[in-house]
Amino acid sequence: MSRRTITADATGRRSVPPERATVELKVTGDGDSPTAARRTVADRAATLRASLTDEVPSADRVATVELRVSDSSKAFDPATDAPYFAVERLHVDCAPETASEVAVVATESGATVPDVQFRLDETVHRRLQDEALADAMARARAKADRLAAAEELSVGRVREVTTETSDDAMSDIVEEALANGPETDLSPEPIAVSETVEVVYELADD
C-alpha cells in the first residue's frame, strides 16, 4: 500500500547590488583603403582609451573585443561614402557606480555605447542561489505543515523535489535605454536570484 503524500510549492528570492559593470563601446572610422580605415579607427580608439585613463580611474580594464574592416561597396546599407570603413568594439570593466561616467567620456570622445552589463561575482551568485533554495524549501515545508495540520496529519520525509531557477546574475541596459543621451542614469537595479521548488512529502497520522 502506497503511503499518502502532500505536495507544496514555494519560492525563495535573494538580491544584492551588482559588483561589476562592463560598458561596451563602439568606435568607427573610414578611409580610401583598408589600412587607412584601420589606422583611423585605431587612432580614435587610442584617444578614447587615453580619455578613460585620465577621467575614469576605476575603469581598470579596457579591452578590444572586435576589430573589423569592411568594403563599403559590399555593404547593404553602408555607414560611410568612403570605400572602406572599420569598427572597433571595446569592453570597459569598471565599478557599477562609474558606468555613467564611462558612457559620458566615451560619447564625448565620439564613441557610441551599445550596451552596459552589470553582474555578480560567481561566488556571490552561488551563495545567493543556495540561500534562495534554502528559503524556498523552508517555505514549502511550512506550507505543507499547515495543510497537513488542517487534516490532523503530520508531514514526514521528503519523497521528491523539483526545482526551477530564475537567474538574473547579469542585467543589461541596452541601446534603447541610452537613447536619451550620454548623461542617462545608468544606476542598476539589484540583481535577483530566485529558486522555486515543488516538494512531495509523505504524510503520517498525528
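Quick notes
- Any hit, region 69-88, residues being under 22 Å from the mean Cα position of the chain (by Cα), modelled with pLDDT under 90 and surrounded by fewer than 16 Cβ atoms within 10 Å (Cβ to Cβ): no
- Tally of residues being within 23 Å of Ala149 (Cβ to Cβ) and in contact with a strand residue (DSSP E or B) (Cβ under 8 Å, 6 or more places away or on another chain) across region 1-21: 10
- Boolean, Ala144 is more than 30 Å from Val56 (Cα to Cα), out of contact with any Phe, Trp or Tyr (no Cβ under 7 Å at 6 or more places or on another chain) and either surrounded by 15 or more Cβ atoms within 10 Å (Cβ to Cβ) or not charged (D, E, K, R) (or both): no
- Where a residue in region 88-114 is of a type in the set (Lys, Arg) and its partner, wherever it lies, is surrounded by fewer than 20 Cβ atoms within 10 Å (Cβ to Cβ) and not in a loop (DSSP other than H, G, I, E, B), with Cβ under 6 Å and at least six apart: Arg89/Lys26; Arg89/Val65; Arg89/Glu66
- Screening Glu55, Glu24 for residues that are out of contact with any strand residue (DSSP E or B) (no Cβ under 6 Å at 6 or more places or on another chain) and either in the same structural domain as Phe85 (by TED's automatic domain parsing) or surrounded by fewer than 16 Cβ atoms within 10 Å (Cβ to Cβ) (or both) leaves exactly one candidate, Glu55.
- Checked against (1) at pLDDT 95 or above; (2) in a helix (DSSP H, G or I), Ala50 meets all criteria but (1).
- In region 152-161, the residues that are of a type outside the set (S, T, N, Q) and touching a residue at least 40 places away in the same chain (Cβ under 8 Å): Glu152, Leu153, Val155, Gly156, Arg157, Val158, Arg159, Glu160
- Arg14 at pLDDT below 90 and within 22 Å of the chain's Cα centre (by Cα): no
- Within region 111-141, tally of residues that are outside any helix (DSSP H, G or I) and either of a type outside the set (Lys, Arg) or surrounded by fewer than 15 Cβ atoms within 10 Å (Cβ to Cβ) (or both): 10
- Test: Ala99 is modelled with pLDDT of 95 or more and either assigned to a loop (DSSP other than H, G, I, E, B) or out of contact with any His (no Cβ under 6 Å at 6 or more places or on another chain) (or both): no
- Here Val113 meets each of (1) within 18 Å of the chain's Cα centre (by Cα); (2) modelled with pLDDT under 90; (3) not polar (S, T, N, Q) with one exception, condition (2).
The values are calculated or read from the model by the stated rules, or taken from the named source; none is laboratory data. Since the structure is predicted, the reported quantities are computational estimates derived from the model, not experimental observations. Ideal geometry is used to build each Cβ from the backbone, glycine not excepted, and the neighbour counts take in all protein chains shown.
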